[in-house]
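K.L.:
My structure is below; once you've seen it, I'll send some questions.
The values are calculated or read from the model by the stated rules, or taken from the named source; none is laboratory data. It should be emphasised that the depicted structure is a prediction, and the values quoted were computed from it without experimental measurement. Neighbour counts run over all protein chains shown; Cβ positions are idealised from the backbone, glycine included.
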Amino acid sequence: MSTADQHNAGRIGRRTLLGLGLSGLGVAAIASAAATVRFFFPKVLFEPPSVFVAGFPGDYRAGEVSERFKESNRVWVIKSREGALYAIEANCTHLGCTPAWFADEGNFKCPCHGTNFSVEGDVLAGPAPVPLYRLAIRLDGQGRLVIDKRIKENRPDKRNRPPFVLPDAGGAA
């Protein structure tokens, strides 16, 4: 082996370097093209409808909190002992976490920062600045409950009358 061959033995040749460079550019171009194509097919977020049917008043028992729509619509439907029906948004007014209902204690508790809410939605303890929101609730022509999440109220003087409560929903189960 000549001295020149020994000197060039550990080096990469021009053609090899050019091939590696072009291969890298090709991979980058393919990745860029794939990202561009992906851009034209955005992910679509499907949210539950703002207005939904929640069954009939008779489907709810007096004095109970129904969690039937908590997962699908983030709503609790509550029938008071007097038979009035109302819906509360399952969304903590502090930072938007979903509180849990504790039937044995008779209140909602937010797992994120510990706010406790009464069954009416009032703040009992914790950092939440305002009560939970009541949602508009009405009966349709067939006697079914319709909840409208677009219309909400949390002020006690407003939330305790229609459209945020059905005073005598009847049909106690």
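K.L.:
Sort out which residues of the stretch 138-161 are more than 20 Å from Cys92 (Cα to Cα) and in contact (Cβ under 8 Å) with a residue 12 or more places away in the chain, and write them in order of number.
P.N.:
Those that are more than 20 Å from Cys92 (Cα to Cα) and in contact (Cβ under 8 Å) with a residue 12 or more places away in the chain: Arg138, Leu139, Asp140, Gly143, Arg144, Leu145, Val146.
K.L.:
Further question on the same structure: Scan the stretch 64-100 residue by residue and report those that are crowded, with 20+ Cβ neighbours inside 10 Å and among the aromatic types (Phe, Trp, Tyr).
P.N.:
Trp76, Tyr86
K.L.:
Still on this model: Could you figure out which of (1) free of Cβ contacts under 8 Å to residues at least 60 places away in the same chain; (2) of a type in the set (Ser, Thr, Tyr); (3) closer than 22 Å to Asp157 by Cβ; (4) touching a Lys or Arg at 6+ places or on another chain (Cβ under 7 Å) isn't true of Ser80?
P.N.:
Going through the list (1) free of Cβ contacts under 8 Å to residues at least 60 places away in the same chain; (2) of a type in the set (Ser, Thr, Tyr); (3) closer than 22 Å to Asp157 by Cβ; (4) touching a Lys or Arg at 6+ places or on another chain (Cβ under 7 Å), Ser80 breaks only (4).
K.L.:
Another question, then. Quick one: in the stretch 150-172, which of the residues that are among the small types (Gly, Ala, Ser) and out of contact with any Leu (no Cβ under 8 Å at 6 or more places or on another chain) is modelled with the lowest pLDDT? Walk me through how you get there before you give the answer.
P.N.:
Of all residues in the stretch 150-172, those among the small types (Gly, Ala, Ser) come to 169-172.
With the extra rule that they be out of contact with any Leu (no Cβ under 8 Å at 6 or more places or on another chain), the set shrinks to 170-172.
Values: Gly170: 61, Gly171: 51, Ala172: 44.
Checked the stretch 150-172; the qualifying residue modelled with the lowest pLDDT is Ala172.
Conditions (1) more than 18 Å from the chain's Cα centre (by Cα); (2) not in a strand (DSSP E or B), marked per residue:
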site	(1), (2)
Leu95	no, yes
Glu105	yes, yes
Phe117	yes, no
Gly121	yes, yes
Pro127	yes, yes
Ala136	yes, no
Lys158	yes, yes
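K.L.:
Which of (1) within 29 Å of the chain's Cα centre (by Cα); (2) touching a residue at least 12 places away in the same chain (Cβ under 8 Å) does Ala35 not meet, given it meets every other one?
P.N.:
In the conditions (1) within 29 Å of the chain's Cα centre (by Cα); (2) touching a residue at least 12 places away in the same chain (Cβ under 8 Å), Ala35 misses (2) alone.
K.L.:
Would you mind stating whether Thr98 is hydroxyl-bearing (Ser, Thr, Tyr) and touching a residue at least 24 places away in the same chain (Cβ under 8 Å)?
P.N.:
For Thr98, the condition - hydroxyl-bearing (Ser, Thr, Tyr) and touching a residue at least 24 places away in the same chain (Cβ under 8 Å) - is met.
K.L.:
Right, another one. Would you point out the residue of the stretch 138-156, among those that are out of contact with any Gly (no Cβ under 9 Å at 6 or more places or on another chain) and in a loop (DSSP other than H, G, I, E, B), that is farthest from Pro57 (Cα to Cα)?
P.N.:
Arg155
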